[in-house]
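*Asks:* Structure in C-alpha coordinates, see below.
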Amino acid sequence: MNVLIIGANGQIGRHLVRKLQESNKHNAIAMVRSDEQKAAFEEQGVQAVLADLEGSIDEIARAAEGADAVVFTAGSGGHTGADKTMMIDLDGAIKSVEAAKQAGVRRFIMVSAIGVHHRELWMESAPYYSAAKHYADIWLEQSGLDYTIVRPGGLINEPGTGKVTAAVDLERGTIPREDVAEAILASLENPHTVGKAFDIIRGETPIMEALNAL
(Lines give C-alpha, C1' and ligand atoms only; values in the text may rest on other atoms or scores of the structure.)
Protein backbone atom coordinates (compact mmCIF):
# COMPACT_ATOMS: atom_id res chain seq x y z
CA MET A 1 0.00 0.00 0.00
CA ASN A 2 0.90 3.63 -0.46
CA VAL A 3 0.18 5.09 2.98
CA LEU A 4 -0.17 8.83 3.54
CA ILE A 5 0.85 9.66 7.10
CA ILE A 6 -0.64 12.91 8.38
CA GLY A 7 1.55 13.94 11.28
CA ALA A 8 4.58 12.09 9.90
CA ASN A 9 7.00 14.39 11.73
CA GLY A 10 5.47 13.56 15.10
CA GLN A 11 6.83 10.86 17.34
CA ILE A 12 4.31 8.14 16.40
CA GLY A 13 4.51 9.26 12.78
CA ARG A 14 8.27 8.83 12.62
CA HIS A 15 8.02 5.34 14.12
CA LEU A 16 5.35 4.44 11.55
CA VAL A 17 7.38 5.77 8.62
CA ARG A 18 10.31 3.61 9.71
CA LYS A 19 8.15 0.51 10.17
CA LEU A 20 6.54 0.93 6.77
CA GLN A 21 10.00 1.23 5.21
CA GLU A 22 11.27 -1.84 7.05
CA SER A 23 8.23 -3.89 6.01
CA ASN A 24 9.41 -3.90 2.39
CA LYS A 25 5.72 -4.17 1.47
CA HIS A 26 4.43 -0.62 1.80
CA ASN A 27 5.40 2.87 0.75
CA ALA A 28 5.22 5.67 3.32
CA ILE A 29 4.20 9.12 2.11
CA ALA A 30 5.05 11.69 4.77
CA MET A 31 2.74 14.72 4.86
CA VAL A 32 4.63 17.64 6.38
CA ARG A 33 4.23 21.40 6.74
CA SER A 34 7.66 22.77 5.82
CA ASP A 35 10.28 22.47 3.10
CA GLU A 36 12.84 21.60 5.78
CA GLN A 37 10.79 18.65 7.01
CA LYS A 38 10.16 17.51 3.45
CA ALA A 39 13.87 17.60 2.65
CA ALA A 40 14.71 15.67 5.83
CA PHE A 41 12.37 12.82 4.91
CA GLU A 42 13.55 12.75 1.32
CA GLU A 43 17.14 12.45 2.53
CA GLN A 44 16.00 9.24 4.27
CA GLY A 45 14.53 7.96 1.02
CA VAL A 46 10.95 8.68 2.12
CA GLN A 47 8.44 10.20 -0.27
CA ALA A 48 7.11 13.46 1.21
CA VAL A 49 4.39 15.95 0.32
CA LEU A 50 3.63 19.45 1.58
CA ALA A 51 0.22 20.23 3.06
CA ASP A 52 -1.09 22.08 6.11
CA LEU A 53 -3.95 20.86 8.29
CA GLU A 54 -4.97 24.47 8.73
CA GLY A 55 -5.17 24.82 4.95
CA SER A 56 -7.94 23.68 2.63
CA ILE A 57 -9.48 20.27 2.09
CA ASP A 58 -8.34 20.51 -1.54
CA GLU A 59 -4.72 20.92 -0.39
CA ILE A 60 -4.90 17.80 1.76
CA ALA A 61 -6.74 15.89 -0.98
CA ARG A 62 -3.91 16.66 -3.42
CA ALA A 63 -1.46 15.21 -0.89
CA ALA A 64 -3.61 12.06 -0.68
CA GLU A 65 -3.76 11.45 -4.44
CA GLY A 66 -2.36 8.02 -5.25
CA ALA A 67 -2.57 6.80 -1.66
CA ASP A 68 -4.27 3.52 -0.74
CA ALA A 69 -4.68 4.48 2.92
CA VAL A 70 -4.51 7.55 5.14
CA VAL A 71 -3.28 7.52 8.72
CA PHE A 72 -4.10 10.54 10.89
CA THR A 73 -1.60 10.74 13.73
CA ALA A 74 -1.29 14.51 13.95
CA GLY A 75 -1.83 16.49 17.12
CA SER A 76 -1.51 20.04 18.31
CA GLY A 77 0.85 19.01 21.10
CA GLY A 78 0.67 19.23 24.86
CA HIS A 79 1.72 22.86 25.12
CA THR A 80 -1.01 24.47 23.03
CA GLY A 81 -4.39 25.76 24.10
CA ALA A 82 -7.94 24.90 23.20
CA ASP A 83 -7.86 27.00 20.04
CA LYS A 84 -5.01 25.08 18.39
CA THR A 85 -6.40 21.76 19.63
CA MET A 86 -9.71 22.44 17.93
CA MET A 87 -8.03 23.53 14.69
CA ILE A 88 -5.74 20.46 14.47
CA ASP A 89 -7.25 17.60 16.46
CA LEU A 90 -10.84 18.35 15.44
CA ASP A 91 -11.02 20.47 12.30
CA GLY A 92 -7.78 19.10 10.86
CA ALA A 93 -8.94 15.54 11.42
CA ILE A 94 -12.34 16.20 9.84
CA LYS A 95 -10.74 17.91 6.84
CA SER A 96 -8.46 14.91 6.45
CA VAL A 97 -11.45 12.56 6.37
CA GLU A 98 -13.15 14.72 3.76
CA ALA A 99 -9.91 14.98 1.77
CA ALA A 100 -9.55 11.18 1.73
CA LYS A 101 -13.07 10.87 0.37
CA GLN A 102 -12.35 13.52 -2.23
CA ALA A 103 -9.17 11.74 -3.30
CA GLY A 104 -10.93 8.37 -3.49
CA VAL A 105 -9.00 6.82 -0.59
CA ARG A 106 -11.27 4.43 1.31
CA ARG A 107 -8.96 3.15 4.08
CA PHE A 108 -8.51 5.57 7.00
CA ILE A 109 -6.88 4.99 10.38
CA MET A 110 -7.36 7.56 13.12
CA VAL A 111 -5.13 7.82 16.19
CA SER A 112 -7.42 9.04 18.95
CA ALA A 113 -7.11 8.78 22.77
CA ILE A 114 -8.19 6.25 25.35
CA GLY A 115 -11.67 6.64 26.78
CA VAL A 116 -12.83 9.60 24.69
CA HIS A 117 -15.88 7.63 23.55
CA HIS A 118 -17.19 7.97 27.13
CA ARG A 119 -17.85 11.52 28.31
CA GLU A 120 -17.36 10.56 31.96
CA LEU A 121 -13.77 9.63 31.12
CA TRP A 122 -12.86 12.89 29.43
CA MET A 123 -9.69 14.54 30.73
CA GLU A 124 -10.63 17.01 33.46
CA SER A 125 -7.46 19.02 32.87
CA ALA A 126 -8.16 19.47 29.14
CA PRO A 127 -11.75 18.53 28.30
CA TYR A 128 -11.43 20.33 24.96
CA TYR A 129 -8.82 17.74 23.90
CA SER A 130 -11.17 14.86 24.68
CA ALA A 131 -14.04 16.66 22.95
CA ALA A 132 -11.95 17.23 19.83
CA LYS A 133 -10.96 13.56 19.65
CA HIS A 134 -14.50 12.37 20.42
CA TYR A 135 -16.20 14.33 17.66
CA ALA A 136 -13.45 13.68 15.11
CA ASP A 137 -13.95 9.96 15.75
CA ILE A 138 -17.71 10.26 15.29
CA TRP A 139 -17.21 12.12 12.01
CA LEU A 140 -14.97 9.32 10.75
CA GLU A 141 -17.42 6.62 11.87
CA GLN A 142 -20.18 8.31 9.89
CA SER A 143 -18.02 9.02 6.82
CA GLY A 144 -18.64 5.76 4.98
CA LEU A 145 -14.88 5.10 4.85
CA ASP A 146 -13.23 1.82 5.83
CA TYR A 147 -12.05 3.16 9.17
CA THR A 148 -10.12 1.96 12.19
CA ILE A 149 -9.87 4.12 15.29
CA VAL A 150 -6.92 3.38 17.60
CA ARG A 151 -7.29 4.92 21.07
CA PRO A 152 -3.92 4.63 22.86
CA GLY A 153 -3.39 5.18 26.55
CA GLY A 154 -0.74 7.50 27.94
CA LEU A 155 2.10 7.70 25.45
CA ILE A 156 5.63 6.93 26.61
CA ASN A 157 8.96 6.78 24.83
CA GLU A 158 10.13 3.38 26.04
CA PRO A 159 11.06 0.81 23.37
CA GLY A 160 8.09 -1.14 22.07
CA THR A 161 7.51 -4.68 23.28
CA GLY A 162 5.21 -5.81 20.47
CA LYS A 163 2.66 -6.85 23.11
CA VAL A 164 -0.50 -4.97 24.11
CA THR A 165 -3.97 -5.17 25.57
CA ALA A 166 -6.69 -4.03 23.15
CA ALA A 167 -10.44 -3.80 23.75
CA VAL A 168 -13.38 -1.47 23.22
CA ASP A 169 -13.11 -0.33 26.85
CA LEU A 170 -9.99 -0.40 29.00
CA GLU A 171 -8.82 1.13 32.25
CA ARG A 172 -6.27 3.87 31.70
CA GLY A 173 -2.72 2.73 31.21
CA THR A 174 0.37 3.58 29.20
CA ILE A 175 1.81 2.37 25.92
CA PRO A 176 5.09 3.00 24.09
CA ARG A 177 4.67 5.15 21.00
CA GLU A 178 6.52 2.49 19.03
CA ASP A 179 3.83 -0.07 19.89
CA VAL A 180 1.12 2.35 18.75
CA ALA A 181 2.90 2.61 15.40
CA GLU A 182 3.14 -1.18 15.22
CA ALA A 183 -0.60 -1.45 15.96
CA ILE A 184 -1.31 1.00 13.12
CA LEU A 185 0.76 -1.08 10.71
CA ALA A 186 -0.96 -4.26 11.91
CA SER A 187 -4.36 -2.60 11.42
CA LEU A 188 -3.44 -1.64 7.87
CA GLU A 189 -2.65 -5.28 7.15
CA ASN A 190 -5.64 -6.77 8.99
CA PRO A 191 -9.09 -6.42 7.35
CA HIS A 192 -10.64 -7.54 10.67
CA THR A 193 -9.94 -4.06 12.09
CA VAL A 194 -12.13 -2.28 9.51
CA GLY A 195 -15.07 -0.64 11.24
CA LYS A 196 -13.47 -1.10 14.67
CA ALA A 197 -12.61 1.42 17.38
CA PHE A 198 -10.61 0.28 20.38
CA ASP A 199 -8.52 1.32 23.37
CA ILE A 200 -4.96 0.01 23.49
CA ILE A 201 -2.36 -0.10 26.28
CA ARG A 202 0.67 -2.20 26.94
CA GLY A 203 -0.01 -5.81 27.84
CA GLU A 204 1.01 -9.41 27.27
CA THR A 205 -0.66 -10.27 23.95
CA PRO A 206 1.18 -10.00 20.62
CA ILE A 207 -0.26 -7.08 18.67
CA MET A 208 -1.73 -8.96 15.71
CA GLU A 209 -3.27 -11.53 18.05
CA ALA A 210 -4.81 -8.75 20.16
CA LEU A 211 -6.31 -7.14 17.06
CA ASN A 212 -7.70 -10.45 15.81
CA ALA A 213 -9.54 -10.86 19.12
CA LEU A 214 -11.43 -7.53 18.81
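*Asks:* In the range 117-214, what % of DSSP beta bridges are antiparallel (nearest 5)?
*Replies:* 45
*Asks:* Which entries in K38/K101; K95/K163; K38/K84; K19/K196 show an alpha-carbon gap greater than 31 Å?
*Replies:* Beyond 31 Å: K95/K163.
*Asks:* Hey, another quick one. Take the solvent-accessible surface of the protein heavy atoms, probe 1.4 Å, and return the percent of it on the chain that carbon and sulfur atoms account for.
*Replies:* Whole-percent figure for carbon plus sulfur exposure: 50.
*Asks:* How high is the relative contact order of the range 142-214, in percent, counting Cα pairs under 8 Å that sit 6 or more residues apart?
*Replies:* 44
*Asks:* Report the FRET efficiency, 1/(1 + (r/R0)^6), for Q102 and Q21, where r is their Cβ-Cβ distance and R0 is 30 Å, rounded to 0.05.
*Replies:* 0.65
*Asks:* Please report the antiparallel percentage of the DSSP beta bridges confined to the chain, to the nearest 5.
*Replies:* Counting only bridges with both partners in the chain, antiparallel ones make up about 15 percent.
*Asks:* Need the C-alpha centroid separation for the range 1-46 versus the range 88-111, integer Å.
*Replies:* Cα centroid of the range 1-46 versus Cα centroid of the range 88-111: 17 Å apart.
*Asks:* Over the chain, with the other protein chains present, what is the accessible area per residue in square angstrom, probe 1.4 angstrom?
*Replies:* I get 45 Å² per residue for this part.
The values are calculated or read from the model by the stated rules, or taken from the named source; none is laboratory data. For clarity, every value in this text was computed on a predicted model and none was experimentally measured. Quick reminder, even Gly has a Cβ in these numbers, built from the backbone with ideal geometry, and neighbours come from all protein chains shown. SASA here: full protein model, heavy atoms, side chains in, ligands and nucleic acids out. Shrake-Rupley method; radii C 1.70, N 1.55, O 1.52, S 1.80 Å.
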